[in-house]
Protein chains: 2
Amino acid sequence: MAPKYLTGDKAGIDAFVDQFDVFLFDCDGVLWSGEHKFPGTAETIDMLRSKGKQLVFVTNNSTKSRADYKKKFDGMGISASEDEVFGSSYSAAIYISRILKLQAPKNKVYILGETGMEQELDSEGVPHIGGTDPALRRDVQPEDFERIAKGEDLDENVAVVLTGLDYHMNYLKTALGQAYLRRGAKFLATNIDSTLPSAGSLFPGAGSMSAPLVKASGQEPLALGKPSQAMMDAIEGKFKFDRKKACMVGDRLNTDIQFGIEGGLGGTLCVLTGVSKKEEFLAEGASVVPTAYVDKLGDLLG
Amino acid sequence: MAPKYLTGDKAGIDAFVDQFDVFLFDCDGVLWSGEHKFPGTAETIDMLRSKGKQLVFVTNNSTKSRADYKKKFDGMGISASEDEVFGSSYSAAIYISRILKLQAPKNKVYILGETGMEQELDSEGVPHIGGTDPALRRDVQPEDFERIAKGEDLDENVAVVLTGLDYHMNYLKTALGQAYLRRGAKFLATNIDSTLPSAGSLFPGAGSMSAPLVKASGQEPLALGKPSQAMMDAIEGKFKFDRKKACMVGDRLNTDIQFGIEGGLGGTLCVLTGVSKKEEFLAEGASVVPTAYVDKLGDLLG
């Protein structure tokens, strides 16, 4: 069915919003782009709250913990509680602690990523190395190759390599990740978004930062962010809702909208302030098509 | 046809060697692994020279120029002239200068890689930026996103993004490469080897270091190292030989051996001191099978 264009259609907006009890929101590209808040975002969130809707902010951004995200919402003047935030680092931490249930001491996670991943693993009591360790933020040296090949710099208790967006990626950290994978560690990713929308343009995303390990190891990670249904299951487990009364709001067809469709949600809403263009889902034979779309989230104010 | 196992087969070795006038050698994994020279390497090279064979050292290692390689051969005590070395950086430089023939000033190359790439572009008179520029060896900062998005840090004369093995890869350099590709720069790679054999183990190769750009841009680079036949054509153009009288010696089925087979050479010889295992080409239905194989190059001494 062709997606319904809601911008400027007051009656259409009301009918659409009334169908749902729960709105799951992607953040980057929907509420804001980097540090730039889209007009009407805060007011739209307030409007939905005033109608009694349950809101969940689902983000693949692995660099921030839920606590970090709460601060970002506060700084942007958008109302949200820490409990409403569900990030890919949190999703990965839950998967590792509650599904993998690794036995100590062989339960360490080698992180390729930022502090948000460390904080969420800490919150689930999962030990980790790598990540923001300053000792690894250096150039690789010839002797590193010998030491890594001999296993001298490797922690034998590492059972998982977890990749996310890493602004401090380098050759040394990648080589260590490859060595752990060669020793049989499980390969997980907070998410595999190829790009990161920022400042109105596109930059390398978490999937691009894990790409060297994918290429070098010949393995694909299990991704725990959108559109992985492992994340949807975890969200439903935490918030308990009727999927048919829930709507996913996002800017990316192949992550957000696909996530909602595959999760069997009652609807999906695409906003045109991020990655995907309307030509992609309006084209004949488009594979991922949202229920409705607006130019920007604030258009829901009517 | 099943590959012939030559180790210990003196008559078989003589018959095999006598078939060829030219031997093309891969270096890493064949002559040496990192800083470790395999036993018998120097003597085998001398033996082939004494029989009047023409030798070409074909390497996908982009970090070294031909001059660097000559020094490496000298340090290893293996006889070779600079003119016998044909590296992927040289191959890329020739492709850019003689095939692309870009018009100044819009003929700059943005390099993701090491000094070998810079030296070979210099030798062909091709202007370049990036590479070993110390200004790019730093953490990405929030303001970089704004500046790159606005094009403020971009050189408008960049027409090519050339990736190779970069021991100093980082987020900033990758983001700049992505920005140039988004502006229409051609995407080239010295080579796309997924792994780098070193110290008896495997590390991320050039193909792993270009993987973030491939993922972020959705584009595949044109590779100018093995097994790209652009490299074979350039080698033949320089050395002038009868392909049927030439043999490719290598350790990787999907680069070296495939390179020789697709190039229509008279034979290929696989050595088992590197990446590929004999089980791979002895298996029923193996897709890339060498003419012959030895445990190590030195076994050709009989």
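Laboratory data are not the source of any read-out in this text; all were calculated from the coordinates shown. Nothing here was measured: the structure is a model prediction, and the numbers come from that model. Cβ placement follows ideal geometry from the backbone for every residue including glycine, while neighbour counts extend to all protein chains displayed.
Evaluated with a Cβ-only charge set (Lys, Arg +1; Asp, Glu -1), the protein assembly as shown carries a dipole of roughly 540 debye about its Cα centre, given to the nearest 20.
Using the Cα gyration tensor of segment A:77-122, with a ≥ b ≥ c the square roots of its eigenvalues, what is the shape: rounded (a/c below 1.5), prolate (a/b larger than b/c) or oblate (neither)? Here segment A:77-122 falls in the prolate category. Say a site is exposed when it is one of the GluC sites (Glu not before Pro), sits in a DSSP loop, and has at most 11 other Cβ atoms within 10 Å; what is then the longest site-free stretch of chain B? Looking at chain B, B:1-151 is the longest stretch - no exposed GluC sites (Glu not before Pro) with at most 11 other Cβ atoms within 10 Å.
Quick one: grab the alpha carbon gyration tensor of segment A:139-189, order the square roots of its eigenvalues as a ≥ b ≥ c, and give me rounded if a/c is under 1.5, else prolate or oblate depending on whether a/b is larger than b/c.
oblate
Within straight-line reach of B:Lys106, meaning a Cα separation under 24 Å, sit the following lysines at least 8 residues removed in sequence or on another chain: B:Lys150, B:Lys173, B:Lys186. Binning the alpha carbon pair distances of the protein assembly as shown at 10 angstrom intervals from zero yields the distribution 3, 16, 23, 22, 17, 11, 5, 2, 0, expressed in whole percent. Among the trypsin sites (Lys or Arg not before Pro) in segment A:239-287, those placed in a DSSP loop whose Cβ has at most 16 other Cβ atoms within 10 Å are A:Lys240, A:Lys277. For B:Arg183, the point set 7 Å out from Cα toward Cβ sits 4.4 nm from its twins in the other copies, listed from shortest up. Largest GNM mean-square fluctuation across B:Gly274, B:Gly184, B:Gly116, computed for chain B with C-alpha springs under 10 Å, falls on B:Gly184.
Helical content of chain B, expressed as a calculated mean residue ellipticity at 222 nm, amounts to -9000 deg cm²/dmol (DSSP H runs of 4 or more residues, -39,500 (n - 2.57) each, divided by residue number, nearest 500). Our analysis of segment B:212-302 gives Rg over Rh at 1.04, with the two radii drawn from alpha carbon positions and Rh computed by the Kirkwood formula. Rounded to the nearest 20 debye, the dipole size of segment A:102-223 about its Cα centre is 340 debye, using +1 on the Cβ of Lys and Arg and -1 on the Cβ of Asp and Glu. Pick out which of B:Leu272, B:Leu154, B:Leu213 has the largest mean-square fluctuation in a Gaussian network model of chain B, springs linking Cα atoms closer than 10 Å. Checking each option, the largest mean-square fluctuation is seen for B:Leu154. Direction-averaged projected area, Cα convex hull, chain A: 15.7 nm², rounded to one decimal.
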